[in-house]
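Every number here is computed from the coordinates shown, using simple stated rules; none is lab data. Everything quoted here is computed from the prediction, not taken from an experiment. Virtual Cβ from ideal backbone geometry, glycine too; neighbours counted across all protein chains shown.
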Amino acid sequence: MNLRAIRAIYVYEMKRFMRTLMESLLSPVISTTLYFVVFGSAIGSRIDQIEGVSYGAFIVPGLIMLTVMTQAISNASFGIYFPKFIGTIYELLSAPVNFLEIVLGYVGAAATKSLLIGLVILITSRFFVDIDVQHPAAMLGFLVLTCLSFSLFGFIIGIWAENFQQLQIIPLLVITPLVFLGGSFYSISMLPEGWQTVSYFNPVVYLISGFRWSFFGQADVSVGLSLLAIAAFTGICLLIVWLIFKTGYRIKS
Amino acid sequence: MASIVEVEGLQKTYDGGFEALRGVSLGIEEGEILALLGPNGAGKTTLISALCGITTPTGGTARVGGHDIVNDYRKARAMIGLVPQEVALEPFEKVINTVRFSRGLFGKPRDDALIERLLRQLSLWDKRDSRTRELSGGMKRRVLIAKALVHEPKVLFLDEPTAGVDVELRRDMWQVVEGLKAQGVTIILTTHYIEEAEAIADRVAVINRGEILLVEDKTDLMRRMGRKTLRIDLSAPISAVPEGLARYDLELSPEGDALSYHYDTRGQDGTGITRLLQALAAEGLTLRDVHTTQSSLEEIFVGLVKEDVA
């Protein structure tokens with residue numbers, strides 16, 4: 001294992017993040033604040049408590065997940081797409097590193113960034129609503145797993161994308177709808193029965209549900225199922241990444 | 001001398017069926033500068049890319065320092081530095097950071113003293129905190145060289161190091177290459193500037209359409225293939241080559257004041273110069289000046305590639 005290479009990639013990527021630290025943190029904080037103003041205060045004040053939790057607090061886990069998932073994907077996909085775009089990928093390919101080391105470096109950095117952003121949002125939300133995290137360890141666990149798996153997913157998109165449009169299209173067309181329909185702002189149990197069944201095919205439901213459980217101790221689906229779903233998603237992403245490097249798909253001719 | 005790079009029957013066929021390398025075999029000796037010469041699309045970059053791990057060969061084998069480039073890629077690649085043809089650098093990163101990154105990527109511990117030495121050697125030390133996009137084209141290429149050398153490779157591949165670089169910088173680059181050779185680095189450079197190969201290479205390999213046409217010591221090659229021309233300037237112009245000189249196959253210049261005689265230093269019965277000069281005297285021609293020229297590597301190269309196409 002070329003640990004120094006992993007570290008080099010990780011540090012290099014984190015430096016890129018630090019160069020634009022304000023931009024990187026500011027935009028998620030602003031958008032989260034807007035969500036709180038609109039959903040939490042303006043609309044939320046007219047909504048009853050959901051499962052004993054005030055609406056403002058109820059949307060916190062969903063909001064964090066929404067931002068973390070999109071940030072993980074955009075960071076990781078850009079991180080590997082950029083070297084492809086400007087040609088510096090030659091260096092990775094000609095270095096004595098294997099696919100796992102490259103993935104650990106890039107995905108590790110993207111996951112760290114999105115984790116930081118997630119924690120910043122959590123802190124920001126405390127300025128608006130009172131929330132207690134009932135299971136802090138589980139909360140952190142879900143957050144880290146989500147950061148990792150969606151960074152892996154972003155990495156795949158970054159390898160697959162051949163232009164900037166493709167880089168944007170998956171987050172826009174797939175992730176945002178899945179997150180919005182995944183119970184970020186409502187409980188699945190509030191839906192008519194037919195739509196509830198449909199929702200269970202949305203993998204994001206399991207992530208948000210598990211994450212919300214770590215805050216409030218209640219969930220749409222069982223915690224075990226949530227863990228299983230995130231493990232399966234991570235597994236599939238890992239398999240795809242392995243196949244990409246095995247075949248050299250879109251990075252090596 | 002032992003070969004540090006051994007290539008045997010290396011093939012690369014792209015998915016579309018295009019054969020970029022058709023069984024290339026080549027031995028590169030430790031400490032030499034080998035110029036890989038060939039027209040555009042000959043397979044120069046493909047060969048380098050295959051050896052460095054950027055493309056996967058479809059046949060044959062290659063070893064660097066005895067390590068197979070596929071099965072033992074870590075050890076093989078650790079010995080190689082690559083300077084790509086296209087300038088590719090992250091625009092917003094500082095010079096020193098991007099060089100430091102390259103060393104880490106190759107698994108070497110951080111060594112600031114070495115980096116300082118290298119950047120000074122390449123006249124980049126003053127620019128160490130500049131972002132790479134602020135550098136001139138020549139400076140960017142030096143950064144690429146620094147990145148390629150920072151993990152202390154034994155073999156350096158320079159893919160068209162002076163493409164699009166002005167004359168002064170080109171000479172500058174040659175000096176850098178000479179300096180590296182003095183440090184014992186084996187250098188393989190691709191070029192289509194024959195002048196470049198002629199100026200700095202020890203050996204020349206000519207590649208065309210995915211095949212190596214020849215590998216030879218540069219001076220031997222030029223001596224062997226070099227046709228020489230003797231140009232004789234006459235004191236007074238003549239209207240035609242005198243009949244008595246017909247057997248020498250002379251060319252008369254359009255102005256009629258010079259004769260050209262082509263000869264071969266490898267010829268069995270000498271160059272024929274002595275006989276020619278005697279014959280000239282016998283014809284009553286007086287000479288104003290005599291000089292010889294040797295065909296350049298460029299002419300040799302064009303001749304070889306043409307022969308290959310025919």
Per GNM of chain A with C-alpha springs under 10 angstrom, the most fluctuating residue out of A:Val38, A:Val179, A:Val60 is A:Val38
Helix A:21-35: angle to the longest alpha-carbon principal axis of chain A, degrees 0 to 90, nearest 10? 30
Scan around B:Glu29 for amide H atoms under 5 Å from its own, H built in the peptide plane at 1.01 Å from N, and keep only partners 5 or more places away or cross-chain. B:Ile4
What number, in nm² with one decimal, is the all-direction average of the projected area of the convex hull of the alpha-carbon atoms of chain B? 20.8
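Give me the tail of P(r) for the range B:245-310 as a percent: Cα-Cα pairs with distance above 20 Å. Please list the in-between numbers first.
Values: 922 of 2145 pairs.
Tail of the P(r) past 20 Å holds 43 percent of the pairs.
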Relative to the compact-globule scaling 2.2 N^0.38 Å, provide the ratio for the alpha-carbon radius of gyration of the range B:194-306. 1.31
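Please report B:Glu178, B:Glu160, B:Glu211 as a ranked list, fewest other C-beta atoms within 10 angstrom at the top and most at the bottom. Spell out each step's value before the answer.
Numbers: B:Glu178 13, B:Glu160 21, B:Glu211 17.
By the 10 Å Cβ count, ascending: B:Glu178, B:Glu211, B:Glu160.
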Which whole-angstrom value gives the distance between the alpha carbon centres of the range A:207-234 and the range B:210-268? 87
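Using r as the Cβ-Cβ distance of B:Thr58 and A:Gln165, and R0 as 35 Å, what FRET efficiency do you calculate, to the nearest 0.05? List each step's numbers first, then the result.
Working: r = 33 Å, r/R0 = 0.93.
Using R0 = 35 Å, I get an efficiency of 0.60.
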Loop-resident chymotrypsin sites (Phe, Trp or Tyr not before Pro) in the range A:126-191 with no more than 15 other Cβ atoms inside 10 Å, DSSP not H/G/I/E/B, are A:Phe127
Name the residues of the range B:220-235 whose amide N is less than 13 Å from a point 7 angstrom out from the Cα of B:Asp289 along the C-beta direction? B:231-235
Scan around B:Arg227 for amide H atoms under 5 Å from its own, H built in the peptide plane at 1.01 Å from N, and keep only partners 5 or more places away or cross-chain. B:Ser295
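Rounded to two decimals, what ratio of Rg to Rh does the range A:92-175 give with C-alpha atoms and a Kirkwood Rh? Intermediate values should be presented prior to the final figure.
Values: Rg = 16.1 Å, Rh = 14.9 Å.
Reported Rg/Rh, Kirkwood definition of Rh: 1.08.
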Provide B:His151, B:His192, B:His262 in ascending order of the number of other Cβ atoms located within 10 Å of each residue's Cβ, fewest first. B:His262, B:His192, B:His151
Calculate the spin-label point distance for A:Ala231 paired with B:Ser130, positioning each point 7 Å from the Cα along the beta-carbon direction, and give it in nanometres. 5.5
Considering amide H positions built from the backbone, and no H for Pro or chain starts, which residues 5 or more places from A:Ile50, or on another chain, come under 5 Å of its amide H? A:Tyr55
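Would you mind giving the average projected area, over all directions, of the Cα convex hull of the protein assembly as shown in nm² with one decimal? Walk me through the intermediate numbers first.
On the way: hull surface 138.3 nm².
Taking the Cα atoms of the protein assembly as shown, their convex hull projects to 34.6 nm² on average.
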The range B:276-310 and the range A:110-138: distance between their alpha carbon centers, rounded to Å: 83
Calculate for the protein assembly as shown the 222 nm mean residue ellipticity that helices alone would give, adding -39,500 (n - 2.57) per DSSP H run of length 4 or more and normalising by residue count, nearest 500 deg cm²/dmol. -16000 deg cm²/dmol
Compactness of the range B:60-173 as Cα Rg over 2.2 N^0.38 Å, two decimals: 1.10
Sort out for me the Cα centre separation of the range B:128-167 from the range A:11-60, rounded to whole Å. 45
